[in-house]
Amino acid sequence: MMTVKDAVETAKNHVLLLFGAEDIGDLGLEEIYFDPDADCWNITIGFTRPWDRKLPLATSLYEKTLARSYKTVSINTSNGDVLWVKDRILKAWD
């Protein structure tokens, strides 16, 4: 069985593979969920893209958020294969 540490590393590497050409930065772990029914890890990775960083710092500080993209990567625990990558859309109540 794949450990959570292995799953996080796999998810980060997969996000870099898919989105690295977009000059992403600030890559970081956001959420971890193990789905026992599907026997997979769902790992959410956050990052910024160049167009997310275009806001002036004063505006970003005033709004108290920096734009980020979030992707959830689902990984099969038995073989380590990435099953899917989806947008993780945050809502106001998340």
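Each residue in region 1-48 was checked for being closer than 14 Å to residue 84 by Cβ, in contact with a helix residue (DSSP H, G or I) (Cβ under 7 Å, 6 or more places away or on another chain) and either of a type in the set (D, E, K, R) or modelled with pLDDT under 95 (or both), and 0 of them qualify. Can you tell me how many residues in region 1-45 are free of Cβ contacts under 8 Å to residues at least 40 places away in the same chain, closer than 13 Å to residue 72 by Cβ and within 12 Å of the chain's Cα centre (by Cα)? Residues meeting the conditions: 7. Here region 67-83 is the region considered, the condition is being part of a loop (DSSP other than H, G, I, E, B) and not acidic (Asp, Glu), and the residue that is nearest to the chain's Cα centre (by Cα) is 68. For region 49-65, does any single residue satisfy the condition of being modelled with pLDDT of 70 or more, surrounded by 15 or more Cβ atoms within 10 Å (Cβ to Cβ), under 25 Å from residue 17 (Cβ atoms) and of a type in the set (A, V, I, L, M, F, W, C)? No, every residue in region 49-65 fails to be modelled with pLDDT of 70 or more, surrounded by 15 or more Cβ atoms within 10 Å (Cβ to Cβ), under 25 Å from residue 17 (Cβ atoms) and of a type in the set (A, V, I, L, M, F, W, C).
The values are calculated or read from the model by the stated rules, or taken from the named source; none is laboratory data. Just so it is clear, the structure is predicted and the values come from calculations on it, not from any experiment. Ideal geometry is used to build each Cβ from the backbone, glycine not excepted, and the neighbour counts take in all protein chains shown.
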